[in-house]
Amino acid sequence: MIKDFDNIIIKTVCRILTPFLQIFAFYVIAHGHYSPGGGFQGGCILGASFILLVIAHDINTVKKRMSEKLNTFLCSIGVMIYAGIGLLCLMLGANYLDYGILHTILPVDAVKARAMGTLGIEIGVGLTVMSVMVSIFLNIASGGKHEEGAPE
Amino acid sequence: MKVFALMAVIITGAALIYSTFGMPDWGDADSPANTHVSPRYIEKSIEETATPNIVTSVLADYRGYDTLGETTVIFTAGIVCMLLLRNKKDD
């Protein structure tokens, strides 16, 4: 059961921490080429920032910032970005998910286009992982009600 | 009938455990995985994928189809969780 409890320290720390968490999540996704990280890890951090908001405030605070509709939309759009990049390669005449062919529509050479394609699918994975984490947490924490908390 | 089921489980399990003895040793430098694909990934991943992080290049480029499956598994888990648990009624 999650309730909006009155603790100014927790709320303030959480409010200050959340934007940095989300920036770090984007860094982990975008910098996955050069350092440990990538779509799965960055998506988890991004989802954790919303879960932190749920724990420190309540579910309605998070639903104001990210509605259930938007969450479900992002969940499907992530997989669609991934499969869409694969289909794009197929339509341009290469194998499925063979990003090298993307240099015909991107202003970079074939090797760099592979890195760009990798980045694209990392973003898709990150979106899906984030919204699935948030949605599973909200559903389990509130018993599927998506309100302040589950009834006793 | 339960005896047959138990026997089937035991025999299958024994066969599976027996087959693990044929696997290469842990970290064996001469195993097929370490003599064919691994050197290729280590030597060629930067010039082929422009990605200095070999883990990322294997995950997203060489085995991109596998990662698509993983993402679909996570997506399916989320959708199923939503379908089973979401309750819009007011009661």
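Mind checking whether some residue in region A:70-77 is touching a Gly at 6+ places or on another chain (Cβ under 6 Å), at negative phi, in a helix (DSSP H, G or I) and hydrophobic (A, V, I, L, M, F, W, C)?
Scanning region A:70-77 turns up at least one residue that is touching a Gly at 6+ places or on another chain (Cβ under 6 Å), at negative phi, in a helix (DSSP H, G or I) and hydrophobic (A, V, I, L, M, F, W, C).
Check A:Ala83, A:Ala110, A:Ala94 and return the single one that is free of Cβ contacts under 8 Å to residues at least 24 places away in the same chain, within 7 Å of chain B (Cβ to nearest Cβ) and aliphatic (A, V, I, L, M).
Sole residue among the options that is free of Cβ contacts under 8 Å to residues at least 24 places away in the same chain, within 7 Å of chain B (Cβ to nearest Cβ) and aliphatic (A, V, I, L, M): A:Ala83.
Here are B:Arg40, B:Arg86: which of them is basic (Lys, Arg) and either modelled with pLDDT of 90 or more or more than 30 Å from A:His146 (Cα to Cα) (or both)?
Result: B:Arg40 is the single residue among B:Arg40, B:Arg86 that is basic (Lys, Arg) and either modelled with pLDDT of 90 or more or more than 30 Å from A:His146 (Cα to Cα) (or both).
Given the conditions (1) buried (at least 16 other Cβ atoms within 10 Å of the Cβ); (2) at the interface with chain B (Cβ under 9 Å from one of its Cβ atoms); (3) at pLDDT below 90, report the number of the one that A:His57 does not fulfil.
Failed condition: (2).
Of everything in region B:24-67 that's of a type in the set (A, V, I, L, M) and over 17 Å from the mean Cα position of the chain (by Cα), which residue is farthest from the other protein chains (Cβ to nearest Cβ)?
B:Ala29
Just for region A:13-53: of the residues that are among the hydroxyl-bearing types (Ser, Thr, Tyr) and in contact with a Ser or Thr (Cβ under 7 Å, 6 or more places away or on another chain), which one is nearest to A:Val125 (Cα to Cα)?
Per the criteria, the residue is A:Ser49.
Pull up region A:68-106, narrow it to residues that are more than 14 Å from the chain's Cα centre (by Cα) and small (Gly, Ala, Ser), then point me to the one that is farthest from A:Leu127 (Cα to Cα).
My answer is A:Gly93.
Residues to consider are A:Leu106, A:Leu90; find the one that is over 23 Å from A:Gly43 (Cβ atoms) and modelled with pLDDT of 90 or more.
Selected residue: A:Leu90, the only one of A:Leu106, A:Leu90 that is over 23 Å from A:Gly43 (Cβ atoms) and modelled with pLDDT of 90 or more.
Being more than 7 Å from every other protein chain (Cβ to nearest Cβ) and in a helix (DSSP H, G or I) is the filter; apply it to region B:68-91 and report the residue that is farthest from A:Val79 (Cα to Cα).
In this case the residue turns out to be B:Leu84.
Are any residues in region A:95-110 at negative phi and buried (at least 16 other Cβ atoms within 10 Å of the Cβ), and if so, which ones?
The answer is A:Asp98, A:Tyr99, A:Gly100, A:Ile101, A:Leu102, A:His103.
List every residue pair whose Cβ atoms lie under 7 Å apart, where the two residues are 6 or more positions apart in sequence or sit on different chains, the first residue falls within region B:16-44 and is among the hydroxyl-bearing types (Ser, Thr, Tyr), and the second residue, located anywhere, is part of a loop (DSSP other than H, G, I, E, B).
Listed pairs, sorted by first residue: B:Ser31/B:Pro24.
The values are calculated or read from the model by the stated rules, or taken from the named source; none is laboratory data. It should be emphasised that the depicted structure is a prediction, and the values quoted were computed from it without experimental measurement. Positions of Cβ are generated from backbone atoms using ideal geometry, with glycine treated the same way; all protein chains shown enter the neighbour counts.
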